[in-house]
Amino acid sequence: MNRIIVFLVFLLLFVAMLAVGWWAYTLPGEVTVPVGQEEVRIKSGLAALGVVFLSALIAALWWIISGLFVLPGRIGRSRKRAQARKANSALTEGLLAAEAGDADAALKLARKAAKHAEDERLKLLLEARAAEANNDWAGAERAWGQLTRLPGGQLAGLRGAATAASERGDQLTAESRAREALALKSSADWPFNSLFDLQVSKGEWEKALETLSLGEKRGMISGDSLRRRRAVLHTARAVGLPHDRKVDAQKALAEAIRSAPAFPPAAFHGARALMTDGKPKPAQGVLELGWKARPHPALAQLARRLVPQDTAANIAGRLQALINMNPTHRESRILAAEIAMDKADWVGAIRSLALLVEENPTARLCLLMERALKGYGDMGEANRWGRMAVSASREPDWSDIDPKGSAFDFDKAGWARLVYAFGDVGDLIHPRYETYGRELEAGRVLALPGPEEDEPPKPKAPDRPLTPPLDYAPDDD
């Protein structure tokens, strides 16, 4: 179909040319052209066509001659375009090979691109990526460093150099590169995150706090995440300060509590510092504030021993004050059962614990039930709950307390993890729980002891259910 159309168009053009030629030939008048001693007469129409044809021929010749002059330049530009295409192809394939982990292909293509690429930044980018794919972190850092000196490549070069330095174990250089990038006017958040992460990993809590404040000013972190991270950092810093700087430690803990009252380690260490300083009432206030925001068994255990050799009534009053701050919370209900055992109200304690074990019979609750039943005098049933505690599920929060009553005794790595676990998500970490620490032994030490077994135990009722009924009462003799 296309051929027929082309043929028809050519035929029409040919006919049109013949028609124009015939029309020119039939025009009246002549043009006289002297040739030597003679004159040549030409029809005026044909003469006009001849002029047009001659003009077209001169134009064609001029185009050919001028093209010969510019041909070398065109050949050069064409060669450069071909080289640019090769360089771009090599750069693209090299970057893809580097990202794919094909180190040999990436290095080969990097050398090829270096011969043709005009933009030095692209060559350095591919060179750095190829070195990274080959685990040549020193070479990568060198290429990234050169990129930082080129226009537009400073931020990317600093990021790559910081990563390369960190990979080869030079944390000081990595921190320095991140600090340089943070000083630049840029909306990129990686300099803040990199610098903050490096400082946290090294346990440099004060520097991390300064970086956090800078990130806040730059708008890179805000809200609950900012406040929770600050609370963890202040607490970690305070715990690590020597005794002769206890005033600084107390100020840091107070700042941590203000930043995030729902961070139990801050309330625990803050109250313990006040207790050590002989200030039980302010310590109790800190515990109540922490309990209101987020009850934790470690806070209750500390409340028990705020005053050495204190009376049972005073201890019960402090514990009840905690309960009143958050009465419906699970920890408050457990604490109420412990207060009942303090008063030898074994039936009340069993009834309270019965509701809790129906929800989730954990090892901690089984141990408390064991103590309550021993106090009640049902030794057989108490032993059964003690055996159940061995295989029952464990409570992470309870595992934070060791047999001596200390809590939140994290090492540097633990605090660093907590910066992100609590700071970003609001979760606590539990190293003792994760490593299967001696939780049951801690529970047995801290659970309230039963009365002296100077009377023979009462006989155990047959087929007693897993959870004691709410109307649990002594068996009638």
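Full extension of the chain between Arg218 and Asp424 yields a length gain of 72.3 nm, computed as 0.36 nm times the residue separation minus the alpha carbon distance. Converting phi to 3J(HN,Hα) with the Karplus coefficients 6.51, -1.76 and 1.60 and the offset θ = phi - 60°, the range 358-367 yields 5, 6, 6, x, 7, 4, 4, 5, 4, 5 Hz in sequence order, with x at every glycine or proline.
Looking at the range 313-346, the trypsin sites (Lys or Arg not before Pro) that sit in a DSSP loop and have at most 15 other Cβ atoms within 10 Å of their own Cβ are Lys343. Each peptide among 122-134, 57-69 gets the average number of other Cβ atoms lying within 10 Å of its residues, and from highest to lowest they stand as 122-134, 57-69. For Lys412 and Ser55, the difference between the fully extended length at 0.36 nm per residue and the C-alpha to C-alpha distance is 119.4 nm.
A straight chain from Lys404 to Ser187 at 0.36 nm per residue would run longer than the Cα-Cα distance by 73.2 nm. Using 24 Å as the Cα-Cα cut-off, could you pick out the over-long pairs in Lys246/Lys292; Lys279/Lys404; Lys279/Lys343; Lys207/Lys412? Over 24 Å apart, Cα to Cα: Lys246/Lys292; Lys279/Lys343.
Residues of the range 276-302 with the amide nitrogen closer than 19 Å to a label point 7 Å from the Cα of Lys251, along Cα-to-Cβ, please. Under cut-off, by backbone N: 277.
Over the range 204-247, what percent of the accessible surface lies on carbon and sulfur atoms, probe 1.4 Å? Carbon-and-sulfur percentage of accessible area, whole number: 47. Projecting label points 7 angstrom from Cα along Cα→Cβ for Thr328 and Trp62 puts them 9.6 nm apart.
Summing +1 for each Lys or Arg and -1 for each Asp or Glu among the other residues whose beta-carbon sits under 14 angstrom from that of Ala183 gives +3.
Near the amide H of Asp378, within less than 5 Å, lie no amide hydrogens of residues on another chain or at least 5 residues away, with H placed in the peptide plane. The listed residues Phe14, Phe410, once ranked by accessible area (1.4 Å probe) with the largest placed first, stand as Phe14, Phe410.
The local environment of Arg142, defined by Cβ-Cβ distances under 10 Å, has a net charge of -3 under the rule Lys, Arg +1 and Asp, Glu -1. With Cβ to Cβ distances under 14 Å as the rule, what net charge do the other residues near Asn360 carry (K, R +1; D, E -1)? Result for the neighbourhood of Asn360: -1.
Given R0 = 30 Å, the distance between the Cβ atoms of Asn314 and Glu358 translates into a calculated FRET efficiency of 0.40.
The values are calculated or read from the model by the stated rules, or taken from the named source; none is laboratory data. Keep in mind that this is a model prediction, so the values were computed, not measured. Note: ideal-geometry Cβ built from the backbone for every residue, glycine included; neighbour counts use all protein chains shown. We work out accessible area using only protein heavy atoms, side chains counted, and drop any ligands, DNA or RNA first. Shrake-Rupley method; radii C 1.70, N 1.55, O 1.52, S 1.80 Å.
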